[in-house]
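Working notes, beginning with the structure itself.
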């Protein structure tokens, strides 16, 4: 559905993205992750034909996004991070207007508007002014807009930004349901959402792709096999320095809870250092209230690839 080849974009000579290569197959939900400024939004805007690349090529459903932009955009529904809406229009009025702009046949406008209004849960606000809607409902209007012309592909840039936990859960379920009929490229900072929603993940950093795989494979390949948490009273000892000497420990971060110190240890893949930690604590007569292993998450993968010196 999406094919990107050697895609590069420079601003004033500075690269925003460099030589990107990836594909998104029909029916996939692909997570697109990266720190702020990594190049996610630039890539999405190029795919949506909002800006040209400096070099390289991108196609949607086989159509070049610039040489054949009208054909490519007919297959694409794009929801930007900050959805541009007309605040002085009512929800149904706005969707009618957008359907006409997108070339939905006049005889089908009412049907399509009704379908997306139902799908996105907008029935109870259909007559309200957009300017009076909550952030969650405004996001839903933006998503409904992207769906009006029945695109094969949805590109969603931070669709849950600014939403409360209940609204995030609702949008997540909606995206899962949409994935049954649409290919989706999803950018988000909420990594647990990606683990629960996406079949594959792209991680981009400083304009380059650092990883592209399933969440499960990324977790399996990561050098950090999670970590270990130790909560103890260590007295005058420098607990962090002692723990760093244990084979397999890469880094230690310390938090304080009254007299207790909470050590978060980053360890090498496959290393189980709990026995050595227990032996050290016994030798030093530390009082231990917790010693546990933490399973690696997609957040750990993200940090490992984009900020390898952090825990």
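The values are calculated or read from the model by the stated rules, or taken from the named source; none is laboratory data. Remember, it's a predicted structure, so these values are computed and weren't measured experimentally. Using ideal geometry, Cβ is built from the backbone for each residue, glycine included, and neighbour counts are taken over all protein chains shown.
Worth pointing out:
- Failed item in (1) part of a helix (DSSP H, G or I); (2) surrounded by fewer than 19 Cβ atoms within 10 Å (Cβ to Cβ); (3) in contact with a helix residue (DSSP H, G or I) (Cβ under 6 Å, 6 or more places away or on another chain), with residue 166 passing the rest: (3)
- Selected residue [touching a residue at least 12 places away in the same chain (Cβ under 8 Å), in a loop (DSSP other than H, G, I, E, B) and touching a strand residue (DSSP E or B) at 6+ places or on another chain (Cβ under 8 Å)] from 237, 272: 272
- Of the strands (runs of 3 or more DSSP E) lying entirely inside region 173-219, those containing at least 1 residues that are crowded, with 17+ Cβ neighbours inside 10 Å and under 10 Å from the mean Cα position of the chain (by Cα) span 183-187, 200-205.
- Complete set of residues in region 140-163 that are surrounded by 17 or more Cβ atoms within 10 Å (Cβ to Cβ) and assigned to a loop (DSSP other than H, G, I, E, B): 148, 149, 151, 158, 159, 160, 163
- Yes/no for residue 273 being closer than 10 Å to residue 227 by Cα and either surrounded by 15 or more Cβ atoms within 10 Å (Cβ to Cβ) or at pLDDT 90 or above (or both): yes
- Any hit, region 108-127, residues being touching a residue at least 12 places away in the same chain (Cβ under 8 Å) and either touching a strand residue (DSSP E or B) at 6+ places or on another chain (Cβ under 8 Å) or not assigned by TED's automatic domain parsing to the domain that holds residue 93 (or both): yes
- When the criteria are applied in full, residue 96 fails the requirement of being exposed (fewer than 14 other Cβ atoms within 10 Å of the Cβ) and at pLDDT 95 or above.
- Some residue of region 46-66 being surrounded by fewer than 22 Cβ atoms within 10 Å (Cβ to Cβ), out of contact with any helix residue (DSSP H, G or I) (no Cβ under 9 Å at 6 or more places or on another chain) and within 20 Å of residue 151 (Cα to Cα): no
- Taking the conditions (1) exposed (fewer than 14 other Cβ atoms within 10 Å of the Cβ); (2) touching a strand residue (DSSP E or B) at 6+ places or on another chain (Cβ under 7 Å); (3) free of Cβ contacts under 8 Å to residues at least 40 places away in the same chain in turn, residue 250 satisfies each one other than (1).
- Complete set of residues in region 247-269 that are under 35 Å from the mean Cα position of the chain (by Cα), in a loop (DSSP other than H, G, I, E, B) and farther than 20 Å from residue 299 by Cβ: 247, 248
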